[in-house]
Amino acid sequence: TLFPSHDICGYWVAEEYAPSLVKLSPEGKMMRRIFPAYELPRSYAERKTNRGFEAVTKIDTKVFGFLQSQLPIDKDFSRIVEFDLETYRTSAEYFYKIEDGADRVGDAVALPNKTMLVIEQNGKANEKSFKRIYQIALNASDELVSKHLLVDLNQTPFIKHEKIEGIAVIDSKHLAVANDNDFKISGETNFKTGITPMEGTDSQLMIIELEKPIY
């Protein structure tokens, strides 16, 4: 996600493994890396493997990092951390309820009216698929966010993709959504030959026209 911070234009990147939030300069140089137990809640270090921050977005001087899935201590919600760019500290935390049939957040983006769009999914395709876009509003810190269904992606051609992990706002009635095809990798690498099967799904971008404006 590219946006101007309070002091310099640049990028904020959500990183799954540590997990961490990473600030990059406009040229792509890492300026700061934000970790659990330092600027972020310690509990975030207990995330499931490869289920750290899956999305990052910004409203005013706050950056919001979305954990992909529930922490082991949680049941049916994942967490959203609010990071203050003026103090460089965690300023709030919110809880995002994961619906039955889903198990992860795919991406998120802020809207001009200070609500957000969130992709919720289960990483499965076709008849086992759960893929939806919700519009959410943050309530008080340490409370569940308010959410309502905006788009059911199972009613689109993207039902055939396993992971939908990119969303951008074009205007108040149009969204761009992209799948993650994991570089088309479709099997294990043969370490004797060095060959990795590359026959997976192509990367695709879909433009969605909404029935009515969302801001």
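For segment 16-23, the count of residues that are open to solvent by 50 Å² or more (accessible area, probe 1.4 Å) and of a type in the set (Ser, Thr, Tyr) is nonzero. Report whether or not residue 212 is part of a loop (DSSP other than H, G, I, E, B) and either of a type in the set (Phe, Trp, Tyr) or at pLDDT 95 or above (or both). Considered against the rule, which asks whether it is part of a loop (DSSP other than H, G, I, E, B) and either of a type in the set (Phe, Trp, Tyr) or at pLDDT 95 or above (or both), residue 212 comes out as yes. Only one of the numbered conditions (1) touching a strand residue (DSSP E or B) at 6+ places or on another chain (Cβ under 6 Å); (2) without any contact (Cβ under 8 Å) to a residue 24 or more places away in the chain; (3) closer than 26 Å to residue 93 by Cα is not met by residue 152, and that is (3).
Looking at 122, 50, which one is out of contact with any Ser or Thr (no Cβ under 9 Å at 6 or more places or on another chain) and surrounded by fewer than 21 Cβ atoms within 10 Å (Cβ to Cβ)? Show your work before the answer.
On the way: 122 fails: out of contact with any Ser or Thr (no Cβ under 9 Å at 6 or more places or on another chain).
Only one candidate qualifies: 50.
Restricting attention to segment 172-203 and to residues that are open to solvent by 60 Å² or more (accessible area, probe 1.4 Å) and without any contact (Cβ under 8 Å) to a residue 12 or more places away in the chain, the residue that is nearest to residue 79 (Cα to Cα) turns out to be 188. When segment 204-214 is filtered for residues that are open to solvent by 100 Å² or more (accessible area, probe 1.4 Å) and farther than 17 Å from residue 157 by Cβ, the ones remaining, listed by number, are 211, 212.
Listed here are the residues, each with its yes/no results for (1) closer than 24 Å to residue 215 by Cβ; (2) among the β-branched types (Val, Ile, Thr).
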site	(1), (2)
54	yes, no
103	no, no
144	yes, no
159	no, yes
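For the structure I just gave you, tell me whether residue 142 is under 20 Å from residue 70 (Cβ atoms), of a type outside the set (Ser, Thr, Tyr) and loosely packed, with under 12 Cβ neighbours inside 10 Å. Against the criterion (under 20 Å from residue 70 (Cβ atoms), of a type outside the set (Ser, Thr, Tyr) and loosely packed, with under 12 Cβ neighbours inside 10 Å), residue 142 qualifies.
The values are calculated or read from the model by the stated rules, or taken from the named source; none is laboratory data. This is a predicted model, so every value here is computed, not measured. Ideal geometry is used to build each Cβ from the backbone, glycine not excepted, and the neighbour counts take in all protein chains shown. Side chains included, ligands, DNA and RNA excluded: accessible areas come from the protein's heavy atoms. Shrake-Rupley method; radii C 1.70, N 1.55, O 1.52, S 1.80 Å.
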